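Peer 1: Input: one structure, supplied below.
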Amino acid sequence: MVATEVKSLAEQTSGATERIGVEIVAMQEVVRQVVEALGGIAKSVDSVKSTVHGVTAGAEEQMSLTSGVVSNMRQAQSGVEAINRNLEEMLIRAR
């Protein structure tokens with residue numbers, strides 16, 4: 001009777017060990033898939049980061065150009081105002 005019980009326990013242990021082995025292999029596959037997915041996410045994040053840097057650089061350049069245009073427009077305005085004053089003075093003198 002004891003031998004039968006020992007044999008039964010050995011068979012149960014063998015079966016449990018086999019099931020544990022199958023579960024470990026399944027977990028290893030899941031871990032591999034997670035690592036692969038994380039690699040894809042990291043690539044996506046790098047791509048977004050690169051795009052953001054590009055947009056930021058473009059916006060900074062546009063701001064610089066806009067500032068230059070505003071400065072030029074102010075100079076043009078001053079020039080036009082000076083011409084207008086000169087014309088008004090000439091008209092006053094001509095009368």
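Let's see how each residue does on (1) surrounded by 10 or more Cβ atoms within 10 Å (Cβ to Cβ); (2) of a type in the set (Ser, Thr, Tyr):
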{"residue": "GLU11", "(1), (2)": "yes, no"}
{"residue": "ALA37", "(1), (2)": "yes, no"}
{"residue": "LYS49", "(1), (2)": "yes, no"}
{"residue": "ALA57", "(1), (2)": "yes, no"}
{"residue": "SER67", "(1), (2)": "yes, yes"}
{"residue": "ARG74", "(1), (2)": "yes, no"}
{"residue": "GLY79", "(1), (2)": "yes, no"}
{"residue": "LEU87", "(1), (2)": "yes, no"}
{"residue": "ARG93", "(1), (2)": "no, no"}
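Peer 1: Still on this structure, please answer the following. Which is in a helix (DSSP H, G or I), under 18 Å from the mean Cα position of the chain (by Cα) and modelled with pLDDT of 95 or more, of VAL52, VAL35?
Peer 2: On the way: VAL35 fails: under 18 Å from the mean Cα position of the chain (by Cα).
Checking each option against the conditions leaves just VAL52.
The values are calculated or read from the model by the stated rules, or taken from the named source; none is laboratory data. Just so we're clear, the structure is a prediction, and the values are computed from it rather than from any experiment. Every residue, glycine as well, gets a Cβ built from its backbone with ideal geometry; the counts of neighbours run over all protein chains shown.
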